[in-house]
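Some notes on the structure that comes next.
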Amino acid sequence: MASSHTVLMRLVASAYSVAQKAGTIVRRVIAEGDLGIVEKDLPPEDVDQELIEDGQWEEILKQPCPSQYSAIKEEDLVVWVDPLDGTKEYTEGLLDNVTVLIGIAYEGKAIAGVINQPYYNYQNNENQKLREPRNEAKAGPDAVLGRTIWGVLGLGAFGFQLKEVPAGKHIVTTTRSHNSQLVMDCIAAMKPDDVLRVGGAGNKIIQLIEGKASAYVFASPGCKKWDTCAPEVILHAVGGKLTDIHGNALQYNKEVKHMNSAGVLATLRNYDYYASRVPESVKNALVP
């Protein structure tokens, strides 16, 4: 490993490779028909070597580290991981909702993130036999099945084509499985032309950056810091904004509570339009 690579860029390069490997495992579980419900627990001491990933994505190591992060030390960073965002949708076969999320925070702020979509492009291939890339670790964005998006604030976001909803169109993306009166009231106040209900926080942010939705509105506690850290980076890197329902920035210190108790409001553009329409009754019901 070249000493010229900063701690941050080495970590992002490792996170990319780990996310790629995780996507492979996610697909394998479905393919082998071994999907079951188990208690979440720590892994055993003897971990299958096939599950370990110690590689680094070389293309990331070729990128310059933003100067404000060049002196960061390992102990300064906090990593938030969601190995399977959109679990409910995964069990129900809604595979394009599923993501693997790895977010990196510094001084409480999300600064780098990786999102793997294990089943990206699977609907375009549903009439064909889905093929894994021969060498997924080096497959990159041209992989037949799946893709990995990554970003660093001050550098940019990569692995997708940025698109926007047509001007004047208001499409809200929100929860598919955690609806409530608060959520419905908040969405109604936005006066959307359409409402897109999908699973997974990572997937909802992807709806924004690919021009399928103009706002992500979730007026409820429920999602966690590991749901929003990585997606927030990707959105912020392309000029978007993500806050709680009150407009407060989310904090990602290691001591912070895991729940985003005041909900989520995110947009690629026109944040003020949506923020100004959040009802006071909704704000009063959600305590930061």
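Details
- Solvent-accessible surface of the chain, taken per residue with a 1.4 Å probe and all protein chains present: 50 Å².
- Among 21-27, 77-83, 10-16, sorting by the average number of other beta carbon atoms lying within 10 angstrom of each residue, highest first, gives 10-16, 21-27, 77-83.
- With Cα atoms, 0 to 90° folded angle of helix 7-31 axis to the chain main axis: 90
- Axis angle, to the nearest 10 degrees, between helix 225-237 and the longest C-alpha principal axis of the chain: 90 degrees.
- Using every pair of distinct Cα positions in the chain, the Kirkwood expression returns a hydrodynamic radius of 19.5 angstrom.
- DSSP assigns beta bridges within the chain; of those with both partners inside it, close to 80 percent run antiparallel.
- Fully extended contour minus Cα-Cα distance, from K88 to H258, at 0.36 nm per residue: 59.2 nm
- Virtual spin-label span in nm between K73 and E58, 7 Å along Cα→Cβ: 3.2
- Computed from backbone phi with θ = phi - 60° and the Karplus coefficients 6.51, -1.76 and 1.60, the 3J(HN,Hα) list for region 88-99 is 4, 5, 4, 5, 9, x, 8, 6, 6, 7, 8, 9 Hz; x is used for glycine and proline.
- Note on E280 and E107: the model spin-label points, each 7 Å out from Cα along the C-beta direction, lie 3.6 nm apart.
- Relative contact order %, the chain, counting alpha carbon pairs below 8 Å whose residues are six or more apart: 18
- Surface composition of region 179-249: carbon and sulfur make up 50 percent of the accessible area, probe 1.4 Å.
- Atom-type composition of the exposed protein surface of region 47-88 places 48 percent of the accessible area on carbon and sulfur (1.4 angstrom probe).
- Peptides 187-200, 208-221, 244-257 ranked from most to least packed, by the mean per-residue count of other Cβ atoms within 10 Å: 208-221, 187-200, 244-257.
- Fully extending the segment from H178 to R197 would add 5.8 nm, taking 0.36 nm per residue of separation and subtracting the current Cα-Cα distance.
The values are calculated or read from the model by the stated rules, or taken from the named source; none is laboratory data. Source: prediction; values computed, not measured. Backbone-built Cβ (ideal geometry, glycine too); neighbour counts: all protein chains shown. Accessible surface areas use protein heavy atoms only, side chains included; no ligands, DNA or RNA. Shrake-Rupley method; radii C 1.70, N 1.55, O 1.52, S 1.80 Å.
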